[in-house]
Structures are given as C-alpha cells and as structure tokens.
Amino acid sequence: MGRQWMIFKRYFVLGCVAFLSVLASAGEVKNSGGGMLDFNFYPYLSKAENDSVFSLNMASGLPNRFSYFGFINFYNQQNENELQDTVNFYSELNLRWKVAETSPLDLTLQQVMRSSEDNDRTRLGVRWRLNNTSHLEQFFQRIHAKWSINLHAVQFDDTDANEWQLEHAYSFSFPAISKRLYVAGFIDHTFNEDLPPTFPSNPIVSETQVGWRIVENFYAIYEYRINQYRIDSEVNHAVGVEYKMKW
C-alpha cells in the first residue's frame, strides 16, 4: 500500500506540474516580467571543505501572473582544494502564481533535486511577500528591503514523516552608503523531520551574502552560512566573486 501511495503521489505531482506549465504558457509567449542569471564562485571556504563552491541562480517573470525561480549548488569534495573536484549537487525549482494582480500572496510549487538516491522532494505551499503588503509596503521602501515568507505546507518524498518548512528570503540595499553594496539571503526552517537524536529537532539552513560591485556586473561576495545538518561544522564562511545578468 505504501509503495502504491508513493507512486500515486508522484503522478499527482507530475500532473500538477504539467497543468501549471500549460497555464503559464497560455496567452502571451513573451517574457513579461524580466529575469536574471546569477553566477557565484567561492574559491575560499573557512571550515567545511565539502560546502558549496559554485551556485547558479535563475529567475524569470512569466505570463498570467506566473514566475519562476531556481538555483543549483555544486559541492566540493572532502579533503580537496576548493573548485578542484565537485561531487554533489543540490537544486530547487520554484514555480509561483500570484493569486491576484494586487495580492502579496503566491501559490507555490517547489521541486527539490539532489545527489544520491530516494531524497528528492516536491513541496506545495503559499508565499507572502511582506514588502508588497499594503500596510507594510512603505516601511520596506524606507529601509530599502524586500522580505518574503514561503510556507511549504505539503511535502511529497520517500519518507513517512509529515514534514513542513518555512522559508525566508530577504534583500537589503544601502543607497545612503553606496549603490554598490547589498545584503541578501535566506533562512530555511524545517519542522517534524525524522532525524537521528544527534541533530537539532527543527534544523535551520541559512546563508547571508554581502556583495560589493567591483565593476559593471562583477561583485566581490562574502557569505555567512549556517547548516545545522552539518554536525561539528555548522558555521562556515565563504569568499568569492559573483557575475549578474539581468534583463
């Protein structure tokens, strides 16, 4: 029964993806909301040698109030120099649909894919863009910030635990100091996960990136990383370079 239920869930999710893709492509074909590609290289890691050394972020506006955001991280091999040999990857693909033109809420579908077997997962949820909320919009404009909270309420995977997650994403600019400076990051907080007793009960993964534009689209970047799944090396520092393409 468990195996049949898992197969049903997989086909249900695939059907949802296909249905949403048809809706997103209906009507106008052109990219109506702009987009970006963001390449990040990290030749220096302070402690966790097997942390991410390269990431690619992708975003695009789509017709009919849809949007897309995704990324892929490549991880360094243990006991090897940074960028010498990447052996693992982790990626998230997010399809979002704004429920109304003036609404700060999005319905979300997230597909997680990563190295190894039987560890991919699909999440359904709702995202709240605080900086687009009527009573909060002026406040976030004054502090030059954006902040969103995504409740991944339903999760399909190969485990029996009823997991759910809160995902925070934020960014700050500092025009009073310099237009070259920004701070951005995320906080993933997972609940009700079936983990060994050596792990925290509700682990957090977060990254805060500080960027300084050097010239044109090139940035020097520093990241403060917390990964509570990485016992004895939860905190890591990364230094690198970033190249952004926007349209």
Can you list the aspartates and glutamates whose alpha carbon is less than 20 Å from that of LYS179, not counting same-chain residues fewer than 8 positions off?
-> ASP38, GLU216, GLU223, GLU242
Ranked packing of 169-177, 200-208, 220-228, most packed first, by mean Cβ within 10 Å = 220-228, 200-208, 169-177
Heavy atoms only, probe 1.4 Å: what % of the accessible area of the range 30-246 goes to carbon and sulfur, would you let me know?
-> 57
All-pairs alpha carbon distance profile, the range 113-189, 10 Å steps from 0, percent = 17, 35, 26, 16, 6, 0
Counting every C-alpha pair in the range 95-147, the percent lying more than 15 Å apart is 59
Percent of all alpha-carbon pairs of the range 181-245 at distances over 16 Å, whole number, is 55
Rg to Rh, two decimals, where the range 30-246 supplies the alpha carbon set and Rh follows Kirkwood = 0.96
At 1.4 Å probe size, with every protein chain present, just tell me what the per residue accessible area of the range 133-247 comes to in Å².
-> 59
Interchain or sequence-distant (5+) residues whose placed amide H lies within less than 5 Å of the amide H of GLY33 are GLY61, LEU62
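The values are calculated or read from the model by the stated rules, or taken from the named source; none is laboratory data. These figures come from a predicted structure and were not determined experimentally. Backbone-built Cβ (ideal geometry, glycine too); neighbour counts: all protein chains shown. SASA here: full protein model, heavy atoms, side chains in, ligands and nucleic acids out. Shrake-Rupley method; radii C 1.70, N 1.55, O 1.52, S 1.80 Å.
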